[in-house]
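Quick notes on the structure that follows.
The values are calculated or read from the model by the stated rules, or taken from the named source; none is laboratory data. Nothing here was measured: the structure is a model prediction, and the numbers come from that model. Here the Cβ positions follow ideal geometry from the backbone for every residue, glycine too, while neighbour counts run over all protein chains shown.
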């Protein structure tokens, strides 16, 4: 079981690493668009048309695609001062419950973002100035949430294995 879990963990880390680079590209795109927009507006009196729409797309890419790697390296906010005082078995049970809730939350997020994306796509909704299809936002967030679900599943399996072993 541990070799399968190790391979699953390695796959999750690799997938999250690729998604991290997509998030970095979104952040750099957001910065570049802002620089071009401000420079064009101040120096040439001609701002970049649809800059806000493009920044929104880049922002959603940067945030959503960085979630998985942020979870892996432990940069999410966690409140552990109470749990740390409990016995190890209780900590493991609580950790299992938290991972189950996280898995459920992100599975729900994937489902609802997919439904929203389809609805936006069917309605042909686009952004106001750049006419970017709005379904891209929803589909992108749903896709970026897949590795987060896999990570919560991996942690849940690992926690359950620890509970059963004790």
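Here are a few things to note about the model shown:
- Boolean, residue 153 is crowded, with 18+ Cβ neighbours inside 10 Å and either under 23 Å from residue 71 (Cβ atoms) or more than 22 Å from the chain's Cα centre (by Cα) (or both): yes
- Candidates are the residues of segment 106-131 that are crowded, with 17+ Cβ neighbours inside 10 Å and either touching a strand residue (DSSP E or B) at 6+ places or on another chain (Cβ under 8 Å) or at pLDDT below 95 (or both); the one that is nearest to residue 26 (Cα to Cα) is 127.
- Scoring residue 77 on the criteria (1) free of Cβ contacts under 8 Å to residues at least 60 places away in the same chain; (2) within 28 Å of residue 25 (Cβ to Cβ); (3) part of a helix (DSSP H, G or I) leaves a single failure, condition (3).
- Entry remark, segment 72-105: residues being under 17 Å from residue 145 (Cβ atoms), modelled with pLDDT under 90 and surrounded by 12 or more Cβ atoms within 10 Å (Cβ to Cβ) number 0 in total.
Results for (1) assigned to a helix (DSSP H, G or I); (2) more than 22 Å from the chain's Cα centre (by Cα); (3) under 30 Å from residue 159 (Cα atoms), shown as yes or no for each residue.
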residue: 3; (1), (2), (3): yes, yes, yes
residue: 10; (1), (2), (3): yes, no, yes
residue: 13; (1), (2), (3): yes, no, yes
residue: 20; (1), (2), (3): yes, no, yes
residue: 35; (1), (2), (3): yes, yes, no
residue: 39; (1), (2), (3): yes, yes, no
residue: 45; (1), (2), (3): no, yes, no
residue: 52; (1), (2), (3): yes, no, no
residue: 56; (1), (2), (3): yes, no, no
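- Annotation note: Cβ proximity below 6 Å between a residue of segment 41-65 that is free of Cβ contacts under 8 Å to residues at least 12 places away in the same chain and a residue that is not in a helix (DSSP H, G or I) (sequence gap 6+ or interchain) occurs for 41/47.
- Residue in segment 17-30 that is in contact (Cβ under 8 Å) with a residue 24 or more places away in the chain and farther than 28 Å from residue 126 by Cα present: yes
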